[in-house]
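Visitor: Have a look at this one before I ask anything.
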Amino acid sequence: MSETTVESGAQATGLSQWQRVANTFTAPSKTFEDIQRGNRSWWLPLIIAAVASYILFAGITLNVGWKQVADNTLRADAKTQEKLANAPPEARETALKYTQYSIEGGFAAVPVLILAVTALGSLGLWGTINFVFGGKATYGSIFAVWLYADLPKIIKSLLGTVAIFAGGAPESFNLQNFAPTSVGAFLNQQETSKALYVLASWLDATTIWSLVLLAIGTAIVAKVKRNSGYIAVFGWWAIFLLISVGFAAIGS
């Protein structure tokens, strides 16, 4: 058997999902080139992301408590706190329970939420890279790239779990910045304007890492220049950032 035949067989087989996961952190281009060749299985990064989220969920349950999380969330919003201060005790208790169940439900539905966000985000990115930048990516390849590119975010969940067990006071736990990975995590939410705090929270190291990977992967599977991938990905990120900061400014 010739070396050419062996090489062709290796390319046809492709990398295993474990290899793609590992390469996402060490040699991301290899992962995305493998996806570009048609090896698009994505269930492993989904499982890893879900497990990391459930580990954080367990940490919050054991060391903080979801009623405390809900109370902290309500106290962080000055307008909500003002309304509840003048409301009957029953109204405050109802708001507390609604907030608690909403947050817990969101954590419980993490796999579904990840798939929903990935599906919608991939659709927008697929249209942008193909119709604006002349790419040739399939929707399936963008979907797979997205899930692998999101893997660095598990670091945030794990760091948040460590921080919880390190002895932080439950009353100071902030679900919006539960790990020291963003600028917002180092700001006092009560003393910072809402718009500035939202902006600082979006400046998150693991998120930016994931966006860089998504840009690289999108460019590879779409067969366009790397700059096109960066513009497409960070362009959408900037749009949603401005929208979030704008709503925060209006609501403050």
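The values are calculated or read from the model by the stated rules, or taken from the named source; none is laboratory data. Please read these numbers as outputs of a predicted model, since none were measured by experiment. Cβ placement follows ideal geometry from the backbone for every residue including glycine, while neighbour counts extend to all protein chains displayed.
Visitor: If we keep just the residues of the stretch 183-207 that are touching a helix residue (DSSP H, G or I) at 6+ places or on another chain (Cβ under 7 Å) and either without any contact (Cβ under 8 Å) to a residue 24 or more places away in the chain or in a loop (DSSP other than H, G, I, E, B) (or both), which is surrounded by the fewest Cβ atoms within 10 Å (Cβ to Cβ)?
Guide: Looking at the filtered set, the residue picked out is 203.
Visitor: Before we move on, is residue 128 touching a Leu at 6+ places or on another chain (Cβ under 7 Å) and either at pLDDT 95 or above or under 30 Å from residue 36 (Cα atoms) (or both)?
Guide: In short, no.
Visitor: Restricting attention to the stretch 98-120, which residues are in contact (Cβ under 8 Å) with a residue 60 or more places away in the chain and under 14 Å from the mean Cα position of the chain (by Cα)?
Guide: 110, 111, 114, 115, listed by residue number.
Visitor: Which residues, taken from the stretch 22-41, are surrounded by 15 or more Cβ atoms within 10 Å (Cβ to Cβ), part of a helix (DSSP H, G or I), in contact (Cβ under 8 Å) with a residue 60 or more places away in the chain and of a type outside the set (Ser, Thr, Tyr)?
Guide: 28, 32, 33, 35, 36
Visitor: Further question: Looking at residue 187, is it more than 23 Å from residue 74 (Cα to Cα) and hydrophobic (A, V, I, L, M, F, W, C)?
Guide: So residue 187 fails the test.
Visitor: Within the stretch 48-88, take every residue that is of a type in the set (Lys, Arg) and over 30 Å from residue 150 (Cα atoms) and give me the one that is modelled with the highest pLDDT.
Guide: Among them, the one singled out is 75.
Results for (1) among the β-branched types (Val, Ile, Thr); (2) closer than 21 Å to residue 191 by Cα, shown as yes or no for each residue.
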residue: 45; (1), (2): no, no
residue: 48; (1), (2): yes, no
residue: 55; (1), (2): yes, no
residue: 60; (1), (2): yes, no
residue: 67; (1), (2): no, no
residue: 70; (1), (2): no, yes
residue: 75; (1), (2): no, yes
residue: 80; (1), (2): yes, yes
residue: 83; (1), (2): no, yes
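Visitor: Suppose we filter the stretch 123-154 for residues that are crowded, with 17+ Cβ neighbours inside 10 Å, part of a helix (DSSP H, G or I) and not basic (Lys, Arg); how many remain?
Guide: Of the residues in the stretch 123-154, 15 are crowded, with 17+ Cβ neighbours inside 10 Å, part of a helix (DSSP H, G or I) and not basic (Lys, Arg).
Visitor: Please give the number of the condition residue 139 fails out of (1) within 29 Å of residue 66 (Cα to Cα); (2) touching a Leu at 6+ places or on another chain (Cβ under 9 Å); (3) of a type outside the set (Asp, Glu); (4) at pLDDT 90 or above.
Guide: Condition not satisfied by residue 139: (1).
Visitor: Checking residue 164 against (1) within 29 Å of residue 35 (Cα to Cα); (2) part of a helix (DSSP H, G or I), which test does it fail?
Guide: If we test residue 164 against (1) within 29 Å of residue 35 (Cα to Cα); (2) part of a helix (DSSP H, G or I), just (1) comes out false.
Visitor: Restricting the search to the stretch 152-172, which residues are within 23 Å of the chain's Cα centre (by Cα) and in contact (Cβ under 8 Å) with a residue 40 or more places away in the chain?
Guide: 152, 153, 154, 155, 156, 157, 158, 160, 161, 164, 165, 172
Visitor: Are any residues in the stretch 65-97 surrounded by 16 or more Cβ atoms within 10 Å (Cβ to Cβ), of a type in the set (A, V, I, L, M) and under 27 Å from the mean Cα position of the chain (by Cα), and if so, which ones?
Guide: Matches in the stretch 65-97: 69, 70, 74, 76, 95, 96.
Visitor: Right, here's the next one. Mind listing whichever residues of the stretch 42-64 are surrounded by 15 or more Cβ atoms within 10 Å (Cβ to Cβ) and either outside any helix (DSSP H, G or I) or of a type in the set (Phe, Trp, Tyr) (or both)?
Guide: Correct list: 42, 54, 57, 64.
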